[in-house]
Every structure is written in C-alpha cells, then in structure tokens.
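Quick one: structure below, then a few questions.
The values are calculated or read from the model by the stated rules, or taken from the named source; none is laboratory data. This is a predicted model, so every value here is computed, not measured. Using ideal geometry, Cβ is built from the backbone for each residue, glycine included, and neighbour counts are taken over all protein chains shown. These area figures cover heavy atoms from the full protein model, side chains too; ligands, DNA and RNA do not enter into them. Shrake-Rupley method; radii C 1.70, N 1.55, O 1.52, S 1.80 Å.
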Amino acid sequence: MGRIAFRAWRRGFREADLVLGPFVDQIGPTLDGADLDALEALLAQDDDHQLYAWIIGTEPTPAAHDTPVMAKIRAFMRDHVAAAVAEGAG
C-alpha cells in the first residue's frame, strides 16, 4: 500500500489529495486485488482535474474507470464530506 498511498496523497491537486489520500488510508486495506488494480489505473491518470471531475460526477467517467472501486471512492467522498461538514468544516 505504500506506493499507492504516496500517489494518492501527492496528486498535485489538493481536492483530489483530500479524497484519494484518506480513501487509501481508510478503505485501501480492505480492497481486493481487482479493486487495487483499478485504483492503480486511476492513480496513473495524469490529469488530476479530470480524475476529480469523474469522482464528483461533473464529467462522465470512461467505461474503463467506471469500476466498483470508483463507486467506493464516490461513496467515501460523500461520507467524508458529510463528516467534515458535521464537524464544522465549510
């Protein structure tokens, strides 16, 4: 998980870092091999703004990346944002 965590936390686009980093820290250890492969493919994307747009749903996700792990990331983001707002962020 070390390389994946490093890539998730250091995307270069803060919004993506704040979703993908905590996702990998909290959910990553529970992912199976197929999910880890899909996550690595997502993290290989060069365009962080586009990746983030897929996560938040402002751009359609290409079929190759519209995987169960993307659904888990989206659900995590909804829960993560809701928890941050409940704690007083935003």
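Out of the total accessible area of the chain (probe 1.4 Å, heavy atoms of protein only), what percent is carbon and sulfur?
55
Between (i) 13.1; (ii) 14.9; (iii) 14.0, which matches Kirkwood radius over Cα pairs in Å calculated for the structure shown?
Only one option fits the structure, namely (i).
Which whole-number percent gives the relative contact order of the chain, counting Cα pairs below 8 Å spaced six or more residues apart?
28
If you roll a 1.4 Å probe over the heavy atoms of the protein chains, what accessible area per residue do you get for the chain, in Å²?
Roughly 57 Å² per residue, with all protein chains present.
A further question on this structure: Of all trypsin sites (Lys or Arg not before Pro) in the stretch 3-90, which ones are in loop regions per DSSP and have a Cβ with at most 15 other Cβ atoms within 10 Å?
Arg10
Please sort by residue number the GluC sites (Glu not before Pro) in the chain whose DSSP state is loop and whose Cβ has at most 16 other Cβ atoms within 10 Å.
Details: sites: Glu15, Glu40, Glu87; in loops: Glu87.
Loop-located and lightly packed - Glu87.
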